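Novice: Have a look at this one before I ask anything.
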Amino acid sequence: MRTIRLHDTLSGELKELRPREGRKVGIYACGPTVYGRIHVGNARPYVVFSLLARFLAHEGYEPTLVANITDINDKIYDAARPAGRRSDELAAEMTAHYIADTERLGLGRPDHEPQATLMVEEIVALIGTLIERGHAYAVDGDVYFRVRTLPRYGELSHRDIDQMDQGEGVEGAALKEDPLDFALWKAQKPIEDTAWEAPWGRGRPGWHIECSAMAEATLGVPFEIHGGGNDLTFPHHENEAAQTLAARGRPLAQIWMHNGMLQMGAEKMAKSVGNILGLAEVLDEAGRDALVWFFCEGHYRQPIAFSAERLEDAGRRVERIRDIGRRLVSGSSPDAFAGHRDAFFDALAADYNTPRALAAMADWIREANGADGPVGAEHLREMLGVLGLDNLLDADEGAPDEVVELARRRTAARAERDFAEADRLRDELRARGWDVRDGATGHELVPIGP
Ligand SMILES: [Zn+2]
């Protein structure tokens, strides 16, 4: 079993993963606020933490991945109102889109996907505890967290307490004891069409307390890994950490793991910037194989510049893997190649370094290409499997060799823009009972049904 080390934002250092109990690893990754279709930038944490869970399972751990759905939030009211829609209907519709869009990534689903609307009871109970312990106060139906009661506040985001802005603007400013305080509960406003009962009045929870309650309800505290985009470190994660520490006297998580942003040009990709590419559009264009590969090409902590060229490039790399897969045979790989396979997994154990892992995979492939005689695919399948890409080795599963060869010739003809030859080969394939479908990242052979 490898020792896994991950960069922890709180300590600023690599931290060894040490489960509370046996091999169980709880991972909570902040999910989307469902006020619109998700963009390709939102897919990055989904991919990073889904693949991290796969890697941990490969290493013999028992991961539980939780990705919440924020379906109570100001942004949802703000999006529903001008559209003349009910906010709960909009949230339900966008939740369904989020599930469908991320399903297309082909990485399975998180083990739990708690929704704030279904956990209001737990959220209200947590706020109640904070009030009892003097860390929060109710005023005019709102509840605020008393930040200065927590001397360690600011340690996660490494910010000075006097240089912080909770980003709540003028809202509640007159009710707060201190401008540093942030909202745990907001009394219902006349323009808001949903509200829940609480001992301090009808209203709805703030965003930060939703996550503290959902994480604790699904994983207990302190769980092993808290993840999310690094744009959430302050105030969202700082406040999640503060709430749980204040209420329970225990930290929320052992390791805080933050992914970098996806950038368009020099700016991060976000709806507020307006440079959005929907996840569904990107998947239509490039296919999931290319997108997953694209994300793996960058270290999770670094920003990645998003461009059509880089995505096309990822598509070509994926197609090369498919090609190699066609030349491999099933079964065990030569022992002499095992060092590259081990280097691949060692790279993932050292702060989940996917670019270094891909370099080790490329070394393995180079050896395989240089080998005399057929090479067994087992190592490559194992490596691709933890990246959710082992399907690349099944591209032409079940097709006889001569059919695979015809399909390769046809793809080559298309690449050379010899469409007459490509069409002729397509007809020949059909005559043998196989249809060839062209995806953004290569072809797929499909048997023609009876
Ligand atoms: Zn969160």
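Novice: Report those helices (runs of 4 or more DSSP H) wholly inside region 328-406 carrying at least 2 residues which are touching a Gly at 6+ places or on another chain (Cβ under 8 Å).
Specialist: Here the list reads 354-370, 378-386.
Novice: Only one residue in A395, A412 is open to solvent by 10 Å² or more (accessible area, probe 1.4 Å), under 30 Å from G339 (Cα atoms) and small (G, A, S). Which one?
Specialist: Criteria check complete, one pass: A395.
Novice: Next question. Quick check on this structure: which one of A43, A29 is open to solvent by less than 20 Å² (accessible area, probe 1.4 Å), more than 16 Å from the ligand (Cβ to nearest atom) and closer than 30 Å to A280 by Cβ?
Specialist: A43
Novice: For V124, only one of the following conditions fails: (1) closer than 26 Å to Y35 by Cβ; (2) open to solvent by 60 Å² or more (accessible area, probe 1.4 Å); (3) modelled with pLDDT of 95 or more; (4) more than 16 Å from the ligand (Cβ to nearest atom). What is its number?
Specialist: Result: V124 fails condition (2) only.
Novice: Additional query: Exactly one condition in (1) touching a helix residue (DSSP H, G or I) at 6+ places or on another chain (Cβ under 8 Å); (2) within 16 Å of the ligand (Cβ to nearest atom) is not met by A183; state its number.
Specialist: A183 satisfies every listed condition except (1).
Novice: Additional query: Please state which of the following conditions R322 fails to meet, knowing it meets all the rest: (1) basic (K, R); (2) open to solvent by 40 Å² or more (accessible area, probe 1.4 Å); (3) modelled with pLDDT under 95.
Specialist: So the condition that R322 fails would be (2).
Novice: Looking at region 206-234, which of the residues that are buried (at least 20 other Cβ atoms within 10 Å of the Cβ) and more than 30 Å from R23 (Cα to Cα) is farthest from the ligand (Cβ to nearest atom)?
Specialist: If we take residues in region 206-234 being buried (at least 20 other Cβ atoms within 10 Å of the Cβ) and more than 30 Å from R23 (Cα to Cα), then G206 is farthest from the ligand (Cβ to nearest atom).
Novice: Being free of Cβ contacts under 8 Å to residues at least 24 places away in the same chain and either among the β-branched types (V, I, T) or away from the ligand (no atom under 16 Å from the Cβ) (or both) narrows it down to one residue among S11, S50; which is it?
Specialist: Being free of Cβ contacts under 8 Å to residues at least 24 places away in the same chain and either among the β-branched types (V, I, T) or away from the ligand (no atom under 16 Å from the Cβ) (or both) holds for just one of S11, S50, which is S11.
Novice: Of the residues G154, G134, G203, G141, which single one is away from the ligand (no atom under 16 Å from the Cβ), more than 13 Å from N239 (Cα to Cα) and surrounded by 19 or more Cβ atoms within 10 Å (Cβ to Cβ)?
Specialist: G203
Novice: Is region 75-91 home to any residue that is open to solvent by 10 Å² or more (accessible area, probe 1.4 Å) and either among the β-branched types (V, I, T) or within 16 Å of the ligand (Cβ to nearest atom) (or both)?
Specialist: The answer is yes; a qualifying residue exists.
Novice: Something else: Counting just the residues of region 157-178 that are surrounded by 13 or more Cβ atoms within 10 Å (Cβ to Cβ) and more than 31 Å from the chain's Cα centre (by Cα), which one comes out farthest from H226 (Cα to Cα)?
Specialist: L175
Novice: Follow-up question, since we're still on this one. Quick check: anything in region 244-257 touching a helix residue (DSSP H, G or I) at 6+ places or on another chain (Cβ under 7 Å), more than 12 Å from the ligand (Cβ to nearest atom) and in contact (Cβ under 8 Å) with a residue 60 or more places away in the chain?
Specialist: Yes, the conditions are met somewhere in region 244-257.
The values are calculated or read from the model by the stated rules, or taken from the named source; none is laboratory data. Since the model is a prediction, treat every value here as computed from it, not as a measurement. Positions of Cβ are generated from backbone atoms using ideal geometry, with glycine treated the same way; all protein chains shown enter the neighbour counts. Surface accessibility is based on the protein's heavy atoms, side chains included, excluding ligands, DNA and RNA. Shrake-Rupley method; radii C 1.70, N 1.55, O 1.52, S 1.80 Å.
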